[in-house]
Each structure stands twice: as structure tokens, then as C-alpha cells.
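Values quoted throughout were computed directly from the atomic coordinates according to the rules given, and no laboratory measurement underlies them. Because the structure is a prediction, the values reported are computed rather than measured.
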Amino acid sequence: DVKVTQSSRYLVKRTGEKVFLECVQDMDHENMFWYRQDPGLGLRLIYFSYDVKMKEKGDIPEGYSVSREKKERFSLILESASTNQTSMYLCASSLSGEVTGRHGETQYFGPGTRLLVL
Amino acid sequence: GIQVEQSPPDLILQEGANSTLRCNFSDSVNNLQWFHQNPWGQLINLFYIPSGTKQNGRLSATTVATERYSLLYISSSQTTDSGVYFCAVGRDDKIIFGKGTRLHILP
């Protein structure tokens with residue numbers, strides 16, 4: 001079974017702090033994704049990566065950066081956390097597909113990190 | 001961009017009932033997935049189904065790509081089926097999630 005793990009289930013940070021969220025997958029997937037989920041807004045894509053050291057902006061990249069130094073690990077960085085970044089953060093991974101392009105087919109999600117910024 | 005609409009937004013059913021959840025999308029897609037998010041927030045992939053029909057136990061899904069909709073069927077509902085069901089579609093390196101259907105199964 002594919003396993004996607006996230007470094008923390010719950011995190012409390014203060015405004016202005018630098019925050020690192022880590023995601024690790026164990027199935028050699030090329031693609032990795034970071035989403036945030038907010039009530040009434042659903043899941044929104046922040047960044048994705050289709051290869052080591054590659055990254056592409058999703059729909060809401062402002063205030064975030066990412067790092068993918070190794071294939072299995074994809075990190076989301078909040079350079080200076082703000083209260084409007086309080087949210088549930090979900091990481092996912094997938095294999096690339098010829099038809100489906102760089103997003104691949106089936107996405108496998110981690111358990112999520114609930115971040116509260118005070 | 002592609003619009004994804006799910007219906008109904010909320011559904012309350014008695015244990016043992018059957019249900020049909022719908023996902024409409026506004027343009028052609030090459031990726032369609034159904035997910036279940038349990039009350040603890042974990043998203044589980046149910047089906048990858050850009051077209052055709054698939055079945056897995058009490059769950060089945062059908063996508064009619066030419067008419068731009070997909071249906072998720074849940075038969076003989078159990079309380080563990082409660083949660084939010086999301087449809088996600090993809091095209092041109094974009095994946096868009098619907099807002100979900102919140103399902104409550106009463107014992």
C-alpha cells in the first residue's frame with residue numbers, strides 16, 4: 001500500500017514565524033502536491049512537483065514556497081506565517097501517466113496537518 | 001477554467017439505504033477521481049474513473065465523459081460511510097476539486 005506521511009498532525013505557530021511542513025511518500029511517485037482545505041472553499045492546490053528539484057505553482061501559491069531535494073520528500077514552507085494561513089494542509093502523491101500528464105492518475109493523500117497561526 | 005459541481009451538498013440517510021452522488025464538470029477531462037474524507041480528515045481514493053464503470057464492494061462509479069458527469073453509488077449504507085465525498089477532475093496539468101457532498105448515515 002502507498003503510504004504518505006506528514007510530519008505533524010497539529011501545529012500551533014505565531015504570526016511571523018517560519019513554518020516547515022514535511023511530506024514523505026514511500027512508493028517512488030514522481031508527482032507530489034500540497035493543498036490547503038478550508039470550510040466552504042474545498043481543496044485548493046498550492047504547489048506541485050513532478051520531479052526532483054522541479055516545482056510548479058498551483059492556484060494559491062502566494063505566501064508559500066516548496067522544496068523537493070529528494071524524490072520521496074516534498075516540503076511546504078511558510079516564510080512568515082500569517083493568521084490567514086490557518087488551515088488544514090494536505091499532501092498527496094501520484095505516478096505520472098501518459099494520458100493524464102504530469103498530474104498522474106490516482107492521488108494518495110497524507111493524514112493532513114491542522115495549522116493554527118496565532 | 002473547468003467548473004466542478006457536486007450534488008447534493010448534504011445528504012442524511014438511514015443505515016441500509018442506497019445513495020447516488022453526482023459530479024458535473026464543464027469541459028472535457030482526462031482524469032476523474034472520487035475520494036472519501038473521513039471525520040478525522042483523511043482523504044481516501046475510491047476510484048480513478050475518467051470513463052466507464054467500476055465497482056468495489058458496496059461502492060460503484062460511472063463516468064459518462066461525453067455528457068460530462070460522473071455518479072458515485074453507495075449501496076446498503078453503513079455509519080462508517082459518513083463523511084465528505086469529493087470528485088476531482090484533471091486536464092492540462094490541472095486538478096480541480098468539487099466542494100463535496102457531506103453524507104450522514106444514521107444508525
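Pairs of alpha carbons in chain A separated by more than 24 Å make up 20% of all such pairs. Relative contact order of chain A: 35 percent, from C-alpha pairs under 8 Å at least 6 residues apart in sequence. With Cα atoms as the point set, the radius of gyration and Dmax of the protein assembly as shown evaluate to 17.4, 50 Å.
Using the scaling law 2.2 N^0.38 Å as the reference, what is the normalised Cα Rg of chain B?
Ratio of Cα Rg to 2.2 N^0.38 Å: 1.01.
Relative contact order for region A:1-57: 26 percent, from Cα pairs under 8 Å spaced at least 6 residues apart, divided by residue count. Based on C-alpha pairs under 8 angstrom that are at least 6 apart in sequence, chain B has a relative contact order of 38 percent.
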